[in-house]
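Undergrad: Supplied in structure tokens, the structure appears directly below.
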Amino acid sequence: MTRHLVIGGGTAGMNALRTIREEEGERSEITLVSAERPYSRMVLPYYLDRSIAESHVFTATAAVLAEWNVKTQLGRRAAALDTRAGVCTLDDGTKLAYDDCLVATGSSAVRAPVPGADGRGVHSFWTLDEARGVLAHIAPGSHVVLIGAGFIAFTILNSILALGARLTIVEIAPRILPRMIDPTGAELVEGWLRRHGVAVRTGAAVTRIEDRGGRRRLRFKGGRDILCDVVIMATGIKTNLEWLAGSGLRVNRGIVVDERLRSSVANVYAAGDVAEGRDLVTGEPAIHAIEPTAQEHGRVAGANMAGRDATYRGSLSMNIVEVCHLDVASFGAWDDPGAEAFTAVRRERPAYRKLLWRGDRLTGALILGRSSDVWTTNDIGMLKGLVQSGNSLAAWKEHLRGNPFDVKPAFIASRTTATLLPLTLLGRASKAPGTTPVAV
Ligand SMILES: Cc1cc2nc3c(=O)[nH]c(=O)nc-3n(C[C@H](O)[C@H](O)[C@H](O)COP(=O)(O)OP(=O)(O)OC[C@H]3O[C@@H](n4cnc5c(N)ncnc54)[C@H](O)[C@@H]3O)c2cc1C
């Protein structure tokens, strides 16, 4: 019986083990090692604003894992991987032999290296434990400071406001969302936030966080101090790779994988945040620390582990956030300096479109508009589809140059839906979790 070892019970790991069960011809042995119980980080903002109960963040209960015939080592960390012997050693010394293995250990939050960053009242927001800590400390009227104005900070912004807190965002870069939108978009979002009572301070370097009578005092390189109740550091993430030292896996910024999600060692796969796989648009190796990539990586790796020959086209970089009912999204190579760009802005609404081209193909897009405008929601989907399909828009390029807001005719005429609809990851429709079969 083939022994599969899945390390990491997040989105990538869970999709892989389900896919193994769906694809295999005969029963294999699957062991899941995970430092945390399986849950989805992406839903933590909804747990924070109490839209969902804590029990709803979990993606598989012990009963479901037993039903899928998965042996578990939960609460245990993989500490070393001997790829020659095919053995993984856990933090308690347990040794697990495997025939093939998937590394899906994701990433962790990184705090800015300033004195006081590890002090009382200073939090990260990446794990369920960290989310619990934040939730326990925010009360109506609390003053919360978010350090770092990137994608993760923006995923929890609405939740913090929904808890009745006062919010200040502090960013060291000259603008907010520096890795998600361009300066024009950032200026519009910043204005929108101020209109909604959120204070924003950019170009602000925190030098120290002090305890001041039970409250936090933030000191800066320049400018006045901020006194607040809760500090959340959303200052970046790092891939969880340290434990792989000496494993012989080829690592760049993440574990380098091929189109089958295979690492430089043939029977070791990697998926999700920890993997550096193919970018759909550029074809270059990239880490996309987002849910859709983790899901797709996991399924392709799982299918290959089950004995199928599944190849992956690559993942689409995408970031979508909703900020006080303003939708903001970027797709593909939105920051490509070599691309031809068409832009249109309506500051009063606000609304913004930026279309980026390589020849006749749309290779990147930025979009911003009120969530209440139906055409914002529609355009988000259509722009994503146009970038994802890579269809030629030769006949529509001139129209879009003069009318970047008028995406719909180009989407329909280019038959983008017809291109995308038949595309499936594994050549079949995906199954709902409850229908995962277990081979006997
Ligand atoms: C607050 C928040 C909001 C987000 N919102 C979005 C969103 O709106 N859209 C989006 O696309 N993405 C979002 N993301 C990102 C998304 O959640 C991640 O990209 C996704 O979780 C990656 O999945 P993964 O399986 O690669 O890693 P993870 O989900 O991080 O899972 C890794 C697993 O490995 C375990 N592990 C780590 N080290 C070890 C070890 N040594 N041994 C054993 N187990 C180990 C961990 O405990 C964890 O269970 C959000 C993330 C957060 C935190």
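The values are calculated or read from the model by the stated rules, or taken from the named source; none is laboratory data. Computed from a prediction, not measured in an experiment: that's the story for all the values here. Cβ atoms come from the backbone with ideal geometry, glycine included; neighbour counts cover every protein chain shown.
Undergrad: Kindly indicate whether any position in region 89-99 is under 23 Å from residue 251 (Cβ atoms), touching a His at 6+ places or on another chain (Cβ under 8 Å), more than 13 Å from the ligand (Cβ to nearest atom) and modelled with pLDDT of 95 or more.
TA: Taking every residue of region 89-99 in turn, at least one turns out to be under 23 Å from residue 251 (Cβ atoms), touching a His at 6+ places or on another chain (Cβ under 8 Å), more than 13 Å from the ligand (Cβ to nearest atom) and modelled with pLDDT of 95 or more.
Undergrad: Looking only at region 21-30, decide whether some residue is among the basic types (Lys, Arg), away from the ligand (no atom under 15 Å from the Cβ), more than 30 Å from residue 160 (Cβ to Cβ) and surrounded by 19 or more Cβ atoms within 10 Å (Cβ to Cβ).
TA: So far as region 21-30 goes, yes, one or more of its residues are among the basic types (Lys, Arg), away from the ligand (no atom under 15 Å from the Cβ), more than 30 Å from residue 160 (Cβ to Cβ) and surrounded by 19 or more Cβ atoms within 10 Å (Cβ to Cβ).
Undergrad: Taking region 217-236 as the search range and keeping residues that are in contact with a helix residue (DSSP H, G or I) (Cβ under 9 Å, 6 or more places away or on another chain) and surrounded by fewer than 19 Cβ atoms within 10 Å (Cβ to Cβ), which one is farthest from residue 147 (Cα to Cα)?
TA: Across region 217-236, the extreme among qualifying residues is 229.
Undergrad: When region 237-253 is examined, which residues are found to be surrounded by 18 or more Cβ atoms within 10 Å (Cβ to Cβ) and among the small types (Gly, Ala, Ser)?
TA: Result: 247, single match.
Undergrad: Can you work out which of the residues in region 124-145 that are part of a loop (DSSP other than H, G, I, E, B) and within 13 Å of the ligand (Cβ to nearest atom) is farthest from the chain's Cα centre (by Cα)?
TA: 124
Undergrad: Out of all the residues in region 1-20, which are more than 9 Å from the ligand (Cβ to nearest atom) and not hydrophobic (A, V, I, L, M, F, W, C)?
TA: Result: 2, 3, 4, 18, 19.
Undergrad: What number of residues in region 66-78 are small (Gly, Ala, Ser) and more than 14 Å from the ligand (Cβ to nearest atom)?
TA: 1
Quick grid of which residues meet (1) of a type in the set (Asp, Glu); (2) in the same structural domain as residue 269 (by TED's automatic domain parsing); (3) touching a Ser or Thr at 6+ places or on another chain (Cβ under 9 Å):
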| residue | (1), (2), (3) |
| --- | --- |
| 16 | no, yes, no |
| 47 | no, yes, yes |
| 54 | yes, yes, no |
| 67 | yes, yes, yes |
| 83 | no, yes, yes |
| 87 | no, yes, no |
| 99 | yes, yes, yes |
| 102 | no, yes, no |
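Undergrad: Suppose we filter 391, 378, 304 for residues that are assigned by TED's automatic domain parsing to the domain that holds residue 26 and either of a type in the set (Gly, Ala, Ser) or within 28 Å of residue 422 (Cα to Cα) (or both); which single one remains?
TA: 304
Undergrad: Looking at region 78-87, can you tell me whether even one residue there is without any contact (Cβ under 8 Å) to a residue 40 or more places away in the chain and touching a Leu at 6+ places or on another chain (Cβ under 8 Å)?
TA: Within region 78-87, one or more residues are without any contact (Cβ under 8 Å) to a residue 40 or more places away in the chain and touching a Leu at 6+ places or on another chain (Cβ under 8 Å).
Undergrad: Additional query: Look at residue 428 and say whether it is without any contact (Cβ under 8 Å) to a residue 60 or more places away in the chain, outside the structural domain of residue 339 (by TED's automatic domain parsing) and among the basic types (Lys, Arg).
TA: Yes, satisfied.
Undergrad: Now, a different point. Whether any residue in region 203-221 is under 26 Å from the mean Cα position of the chain (by Cα), outside the structural domain of residue 39 (by TED's automatic domain parsing) and under 20 Å from residue 320 (Cα atoms) is what I want to check.
TA: no
Undergrad: Does at least one position in region 42-65 carry a residue that is part of a strand (DSSP E or B), more than 8 Å from the ligand (Cβ to nearest atom) and over 26 Å from residue 256 (Cα atoms)?
TA: yes
Undergrad: Right, something else. Given the condition closer than 18 Å to residue 310 by Cα, surrounded by 24 or more Cβ atoms within 10 Å (Cβ to Cβ) and β-branched (Val, Ile, Thr), answer yes or no: does some residue in region 268-276 qualify?
TA: Yes, region 268-276 has at least one match.
Undergrad: Residue check, residue 290 against (1) modelled with pLDDT of 95 or more; (2) over 18 Å from the mean Cα position of the chain (by Cα), all met but one. Which one?
TA: Evaluating residue 290 over (1) modelled with pLDDT of 95 or more; (2) over 18 Å from the mean Cα position of the chain (by Cα) leaves (2) as the failure.
Undergrad: Moving to a separate point now. Out of all the residues in region 248-278, which are assigned to a strand (DSSP E or B), more than 26 Å from residue 43 (Cβ to Cβ) and not hydrophobic (A, V, I, L, M, F, W, C)?
TA: 262, 278, listed by residue number.
Undergrad: Considering 156, 152, which residue is assigned to a helix (DSSP H, G or I), under 22 Å from residue 254 (Cβ atoms) and within 12 Å of the ligand (Cβ to nearest atom)?
TA: Of the residues listed, the single one that is assigned to a helix (DSSP H, G or I), under 22 Å from residue 254 (Cβ atoms) and within 12 Å of the ligand (Cβ to nearest atom) is 152.
Undergrad: Is it the case, given these coordinates, that residue 107 is within 15 Å of the ligand (Cβ to nearest atom) and closer than 22 Å to residue 220 by Cα?
TA: no
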